[in-house]
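Down below is the structure, laid out as structure tokens.
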Amino acid sequence: MKQLRDLSKQKIGVVAAGHSSVIANMAGLKLPLESKPLQALVSEPVKPIIDTVVMSNAVHAYVSQSDKGELVIGAGTDDYVSYSQKGSHDIVEGTLNAILELYPIFSRMRMLRQWGGIVDICPDASPIISKTSIKGLYFNCGWGTGGFKATPGSGDLFAHTIANDEPHKLNAAFNINRFVSGDLVDEHGAAAVAH
Amino acid sequence: MFLINCPFCGEREQSEFKAGGEAHIVRPKQPTELSDDEWAEYLFMRKNIKGVQFERWNHVHGCRKWFNMVRDTSNDQIKAVYKMGEKPPIK
């Protein structure tokens with residue numbers, strides 16, 4: 001794999017989520033990421049039953065109700081690297097087991113659809129908003145199973161990083177060099193699963 | 001969901017196995033002489049390929065032995081399974 005050194009006068013910011021490594025490999029760059037399916041399910045619509053987002057770190061489950069009345073259910077990723085956007089049934093079973101621990105009343109709910117989104121996970125489960133060893137190439141990646149609520153803020157900081165070729169103080173700790181220095185972000189230990 | 005042909009036990013459901021990540025990453029012979037960059041490369045950097053990938057698996061709810069697999073990560077089709085120490089049957 002031949003690595004590019006310099007994109008000369010161009011600047012490229014990559015925000016490719018689960019496919020970040022695919023883009024990085026085009027430039028001959030390896031990232032500290034593994035891409036895995038994160039499955040979610042949506043049930044048939046029912047009358048209002050929960051009016052908040054419920055997330056349990058104890059049994060590892062997520063459930064909320066959409067405006068249309070569907071239950072939106074999720075949990076952890078599959079174990080293996082995959083870009084197949086499917087995932088395995090035993091993960092679905094584990095997810096629904098956890099939901100039923102919290103809400104036995106949902107045992108007869110019928111699920112309408114299920115899918116797997118590909119998420120890029122860092123070894124410390126924290127994102128990378130950073131320059132790279134290739135001049136002019138920037139990555140905003142590694143958000144894993146989180147990141148949705150951080151999207152506007154991360155975009156702002158990523159723009160700052162690209163414009164100045166230096167990180168903002170808020171994303172300085174999220175540089176890619178932390179995997180060389182050993183100064184990892186302690187999110188797995190601090191938050192376990194919830195983001 | 002897919003089936004895995006364990007080289008020791010035969011065909012079993014994937015849920016019996018644990019994925020062990022990218023295969024054929026050689027542990028450095030002289031760890032004390034490694035630079036920080038080389039350690040990071042060994043510990044953290046992964047190809048994370050979309051397509052044919054060489055990886056390690058463990059039959060954790062079966063014989064508990066490790067083995068290697070060649071799998072297309074874009075559709076989860078398994079191309080080959082082979083024992084640790086053996087050469088990959090395909091390039």
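The values are calculated or read from the model by the stated rules, or taken from the named source; none is laboratory data. Remember, predicted model here, so these are calculated numbers, not experimental data. Because the Cβ atoms are built from the backbone with ideal geometry, glycine has one as well, and the counts that use them run over all protein chains shown. Please note that ligands, DNA and RNA were not included when accessible areas were found on the heavy atoms of the full protein model with its side chains. Shrake-Rupley method; radii C 1.70, N 1.55, O 1.52, S 1.80 Å.
Annotations for the structure displayed:
- Estimated at 0.36 nm per residue, the fully extended path between A:His168 and A:Ser133 surpasses their Cα-Cα distance by 10.8 nm.
- J(HN,Hα) series, the range A:167-184, from Karplus relation 6.51 cos²θ - 1.76 cosθ + 1.60, nearest Hz, glycine and proline x: x, 5, 4, 6, 10, 4, 6, 9, 7, 6, 6, 5, 7, 8, 6, x, 8, 6
- Taking the longest Cα principal axis of chain A as reference, the axis of helix A:151-164 is set at about 0 degrees.
- 10 Å Cβ neighbours from other chains, averaged over peptide B:47-55: 6
- Residues A:Ser64, B:Ser35, ordered by accessible area of protein heavy atoms at a 1.4 angstrom probe radius and largest first, appear as B:Ser35, A:Ser64.
- Counted residue by residue at 0.36 nm each, then reduced by the alpha carbon distance between them, the extension gain from A:Ser64 to A:Thr52 reaches 3.7 nm.
- Cross-link pairs exceeding 19 Å between alpha carbons, from the set A:Lys36/B:Lys47; A:Lys86/B:Lys83; A:Lys11/A:Lys135; A:Lys30/A:Lys135; A:Lys30/B:Lys79; A:Lys131/A:Lys169: A:Lys86/B:Lys83; A:Lys30/B:Lys79.
- For the range B:63-89, backbone nitrogen atoms closer than 15 Å to the point 7 Å from B:Asn5 Cα along Cα-to-C-beta are found at B:68-72, B:77-83, B:89.
- Most to least accessible of B:Arg56, B:Arg71, A:Arg108 (protein chains only, probe 1.4 Å): A:Arg108, B:Arg56, B:Arg71
- For the range A:35-121, the relative contact order works out to 44 percent when only alpha carbon pairs closer than 8 Å and six or more residues apart are counted.
- Scanning residues 5 or more positions from A:Ile118 or on other chains, those with amide H under 5 Å from its amide H are A:Leu38, with H placed 1.01 Å from N in the peptide plane.
- By the helix-only formula, in which each DSSP H run with n ≥ 4 contributes -39500 (n - 2.57) and the sum is divided by residues, chain A has a 222 nm mean residue ellipticity of -6500 deg cm²/dmol.
- Residue by residue along A:71-84, Cβ atoms of other protein chains within 10 Å of the local Cβ number 5 on average.
- Modelled label reach - B:Ile78, point 7 Å along Cα→Cβ, the range A:60-101 residues with backbone N closer than 20 Å: A:78-92
- When the inverse distances between all different Cα atoms of the range A:35-121 are averaged and flipped, the Kirkwood radius reads 13.2 angstrom.
- Model label sites at A:Lys11 and B:Ile25, defined 7 Å from Cα along the beta-carbon direction, differ in position by 3.2 nm.
- Using a 1.4 Å probe over protein heavy atoms, the accessible area lost on pairing A with B, summed over both chains, comes to approximately 2200 Å².
- Length-normalised contact order for chain A - Cα pairs under 8 Å, 6+ apart - percent: 25 percent
- Positive end of the dipole of chain A (Cβ unit charges, origin at the Cα centre): among A:Ile129, A:Asn97, A:Thr161, the Cα lying farthest that way belongs to A:Thr161.
- Largest accessible area first, the listed residues B:Glu41, A:Glu101 line up as A:Glu101, B:Glu41 when surface is computed with a 1.4 Å probe on the assembled protein chains.
- Mean accessible surface per residue for chain B, computed with a 1.4 Å probe while every protein chain stays in place, in Å²: 60 Å²
- Mean-position separation - Cα centroids, the range B:14-41 and the range A:14-44, in angstrom: 20 Å
- HN-Hα J in Hz across the range A:78-83 - Karplus 6.51, -1.76, 1.60, θ = phi - 60°, x for Gly and Pro: 5, 7, 10, 5, 7, 10
- Top of B:Ala19, B:Ala80, B:Ala40 by mean-square fluctuation, Gaussian network on chain B, Cα under 10 Å: B:Ala40
- Rounded FRET efficiency, nearest 0.05, which uses the C-beta distance separating A:Glu44 from A:Asn177 and R0 of 51 Å: 0.60
- Amide H contacts of B:Ala80: B:Val70, each under 5 Å away and 5 or more positions distant or on a separate chain (H built 1.01 Å from N in the peptide plane; Pro and chain starts excluded).
- The protein assembly as shown - Rg and Dmax from Cα coordinates, angstrom: 20.6, 65
- Mean separation of Cα contacts under 8 Å, 6 or more apart, over the residue count of chain B: relative contact order %: 27 percent
- Radius of gyration and maximum dimension Dmax of the range B:3-83, Cα, Å: 14.6, 43
- Couplings 3J(HN,Hα) for the range A:30-40, derived from phi with the Karplus relation 6.51 cos²θ - 1.76 cosθ + 1.60 (θ = phi - 60°), are 9, 10, x, 10, 10, 9, 9, x, 10, 8, 9 Hz, where x marks Gly and Pro.
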